[in-house]
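For reference, the structure discussed in these notes is given below.
The values are calculated or read from the model by the stated rules, or taken from the named source; none is laboratory data. These numbers were taken from a predicted model, which means no experiment stands behind them. Reconstructed Cβ throughout: ideal geometry from the backbone, glycine too, with neighbour counts over all protein chains shown. The accessibility values were calculated without ligands, DNA or RNA, using every heavy atom of the protein model including side chains. Shrake-Rupley method; radii C 1.70, N 1.55, O 1.52, S 1.80 Å.
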Amino acid sequence: MLYFVATPIGNLDEVTYRAIEVLKSVDLIAAEDTRHTAILLGKYGIKTRTVAYHKFNEKSAVDGLIDLLKEGKSIAVVSDAGMPAVSDPGHVLIDAAIQNGVEFTVVSGACAGVNALVLSGLDTRAFAILGFLPEKNIDRVRYVEPYKAMPCTLVFYSAVHDIKKDLRFLYEQLGARKVAVCREMTKLYETVTRGTLGEDMDIVEKGEFAIVVEGVTHNPLCFLTVEEHIKHYVDGGDTVKDAVKKVAQDRHVAKSEIYKIALSMRNA
């Protein structure tokens, strides 16, 4: 049997009894980072042999793992944290298992995207875990484009050196939506910072992050033209500045884009 085993996303006490038993009983553990996994195994006295299975050797390692499974060996796949194959290595092996008729199952446990979704306080009825954004900006734009108009909550992962850049990019692409930035989940210094994309947020740049962004909400005012939308708030007593901010929030676009239209209205 092939097991995809969820491991703690931070606090090592957050692991299931079943996960520990499976890791003890299998013939081999395929780990994203054997040194990192050794910490978890050491805590629970697990002596099972480990081999490296990560994004750089995922394709080349699959055939050997499938051969072992066909020989009757049992293998557990773990990532550094959370559920394998969710923004972590594992999917290539799943494809190979299906193609070769190898049975596999999932040992439940933590997933950073789900933890962050609940902590965010945003809508949990429908969501998409999109993982880490690509490195190149052109790839980032293409990656996010299909999700811009989706009404579901969006969950992204971000490294400490990317968090400010990622938040800025998401504001440019998605507009002034509600956002929650979750840091060091399940650990001693777990923090959740809630606000709006485009606003200054007091974020400690340490640890690992999950960014949760609200999906598109359908406001009846958005059926107006942008000019009519601005006029609606101005006629209601708002200043142009406040009207621009509200329209940007309603339409989930950058304030700068709405401000340009407001200027053209003033100059018309």
Worksheet item: In 10 Å bins starting at 0, how do the alpha-carbon pair distances of region 149-216 split up by percent?
Response: 22, 58, 19, 1
Worksheet item: Under a 1.4 Å probe, what is the accessible area of region 168-268 per residue, stated in Å²?
Response: 57
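May I ask you to derive the FRET efficiency for residue 33 and residue 138 from their Cβ-Cβ distance with R0 = 30 Å, giving the value to the nearest 0.05? Mind dumping the intermediate values first?
On the way: r = 30 Å, r/R0 = 1.00.
Step by step, r from the Cβ atoms, then E = 0.50.
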Worksheet item: Which whole-percent values make up P(r) of region 192-268 when all C-alpha to C-alpha distances are grouped in 10 Å steps starting at zero?
Response: 17, 42, 25, 13, 3
Response to the item:
With -39,500 (n - 2.57) per DSSP H segment of 4 or more residues and division by the full residue count of the chain, the 222 nm estimate, nearest 500 deg cm²/dmol, is -11500 deg cm²/dmol
Discussion item. Can you tell me what percent of all Cα-Cα pairs in region 135-268 are more than 26 Å apart?
Written reply: 31
Discussion item. Output wanted: per-residue J couplings in Hz (rounded whole) for region 2-19, from phi through Karplus 6.51 cos²θ - 1.76 cosθ + 1.60, θ = phi - 60°, x for Gly and Pro.
Written reply: 10, 10, 9, 10, 6, 10, x, 8, x, 6, 5, 6, 8, 9, 7, 4, 5, 4
Response to the item:
For region 1-62, the dipole about the Cα centre with charges only on Cβ (Lys and Arg +1, Asp and Glu -1), to the nearest 20 debye, works out at 160
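Provide the percentage of antiparallel DSSP beta bridges, counting only those with both residues in the chain; round to the nearest 5.
Values: 17 of 36 bridges.
The antiparallel proportion sits near 45 percent.
Which is the longest stretch in the chain that no exposed loop site breaks, taking sites as chymotrypsin sites (Phe, Trp or Tyr not before Pro) with a DSSP loop state and at most 11 other Cβ atoms within 10 Å?
Values: sites that count: 56, 189.
In short, 57-188.
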Practice prompt. Compare the Cα positions of 221, 62, 207 along the charge dipole of the chain (+1 at Cβ of Lys, Arg; -1 at Cβ of Asp, Glu; about the Cα centre) and return the one farthest towards the positive end.
Written response: 221
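Divide the volume of the convex hull of the Cα atoms of region 93-207 by its number of residues and quote the answer in cubic angstrom per residue.
Numbers: hull volume 16.7 nm³, N = 115.
Convex hull of Cα atoms, per residue: 145 Å³.
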Fill in: Calculated Rg and Dmax of the chain using C-alpha coordinates, Å
22.9, 77
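Quick one: work out the % antiparallel among DSSP beta bridges in region 118-268, nearest 5. Please list the in-between numbers first.
Working: 16 of 21 bridges.
Percent antiparallel among DSSP bridges in region 118-268 is about 75.
What do you get for Rg/Rh of region 1-116 when both radii come from the Cα atoms and Rh is the Kirkwood radius? Walk me through the numbers before you get to the answer.
Numbers: Rg = 13.0 Å, Rh = 13.9 Å.
Radius of gyration over Kirkwood radius for region 1-116 works out to 0.93.
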Worksheet entry | Per-residue ³J(HN,Hα) for region 73-82, Karplus 6.51 cos²θ - 1.76 cosθ + 1.60, θ = phi - 60°, Hz, x for Gly and Pro | 6, 10, 9, 10, 9, 10, 9, 5, 7, x
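Find out how many positive minus negative residues lie around residue 162, taking Lys and Arg as positive, Asp and Glu as negative, among other residues whose Cβ is under 15 Å from that of residue 162. Walk me through the intermediate numbers first.
Values: positive: 136, 140, 164, 165, 168, 183, 206; negative: 135, 139, 166, 172, 205, 208.
For residues surrounding residue 162, the net value is +1.
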Discussion item. What lysines does residue 260 reach when the alpha-carbon gap must be under 21 Å and sequence neighbours fewer than 8 apart in one chain are set aside?
Written reply: 231, 241, 245, 246
Worksheet item: Can you work out ³J(HN,Hα) from phi for every residue in region 125-130, in order, using Karplus 6.51 cos²θ - 1.76 cosθ + 1.60 and θ = phi - 60°, giving whole Hz and x for Gly and Pro?
Response: 5, 9, 8, 10, 8, 9
Worksheet, complete the sentence: Sorted by chain and number, the residues with a modelled amide H under 5 Å from that of residue 157, at a separation of 5 or more or across chains, are 131, 132, 133, 211
Practice prompt. Over region 59-139, calculate the relative contact order: mean separation of alpha carbon pairs under 8 Å at least 6 apart, over the residue count, as a percent.
Written response: 28
Practice prompt. Could you tell me what percent of the accessible area of the chain is made up of carbon and sulfur, with a 1.4 Å probe and every protein chain present?
Written response: 53
